[in-house]
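Report on one structure; see the data block that follows.
Each reported figure results from applying straightforward, stated rules to the coordinates on display, with no laboratory input. All values reported here derive from a predicted model rather than from experimental measurement. For neighbour counting, all protein chains shown are included, and Cβ atoms are generated from backbone atoms with ideal geometry for every residue, glycine included.
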Amino acid sequence: MKKKILIVCADYYKDIASDLCTDSLKILKKNKINSFKVIKVPGVFEIPVFISKNIKKFNAFIALGCVVKGETPHFDFISKATTNALINLTITYKKPIGNGILTCLNYKQAKLRSDTKGKKRKGAEAANAVISVLKKL
């Protein structure tokens, strides 16, 4: 498949981001997608702006990162705003965006969902979703 994919990875939680990114890259390589780029951003809120800036340069995108619920409503605002921005981008530009952004109640839950050896490999799931959609477009 000759498609260009941009992975935008929020590395606020560096170990979780690393696991998510590693799994996504494994899936891309397994599917012989060699044209990809990885951009790291400080947090998930920055992901949509980098996708928007690069929307014409790539065929698809994978958004990776993690938001962990704290004691304030910040978690809810960031999660919802980021998800809505990604949905708006994919609908407006008709390009797939795999959402591998974890929204977890605690760090332990996030680690379980990102672990490259675990069953809930969300980075791989986001990459597989994008590849599946690209094949149908």
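So the values come out like this:
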| read-out | value |
| --- | --- |
| 5 angstrom amide H check on GLY43, placed H, neighbours 5+ away | ASP11 |
| Simple label model, 7 Å out from Cα along Cβ direction - PHE75 to VAL133, nm | 2.6 |
| Proximal aspartates and glutamates relative to LYS111, as straight alpha-carbon distance under 16 Å, when same-chain residues fewer than 8 apart are discounted | ASP11, ASP15, ASP19, ASP23, GLU125 |
| Which listed pairs, of LYS4/LYS69; LYS80/LYS122; LYS14/LYS37, have C-alpha distances above 26 Å, in listed order | LYS4/LYS69 |
| Under Karplus coefficients 6.51, -1.76 and 1.60, residue-wise ³J(HN,Hα) of segment 34-45 in Hz, glycine/proline x | 9, 9, 8, 9, 10, 10, 9, 10, x, x, 5, 4 |
| For PHE36, distant residues with modelled amide H under 5 Å away | ILE5 |
| 5 angstrom amide H check on ALA60, placed H, neighbours 5+ away | LYS4, LEU6 |
| Over the chain, relative contact order from alpha-carbon pairs under 8 Å, at least 6 apart, % | 32 |
| Segment 75-91 - phi-based ³J(HN,Hα) in whole Hz, Karplus 6.51/-1.76/1.60, Gly and Pro as x | 3, 5, 5, 5, 4, 5, 4, 5, 4, 4, 5, 5, 5, 4, 5, 5, 6 |
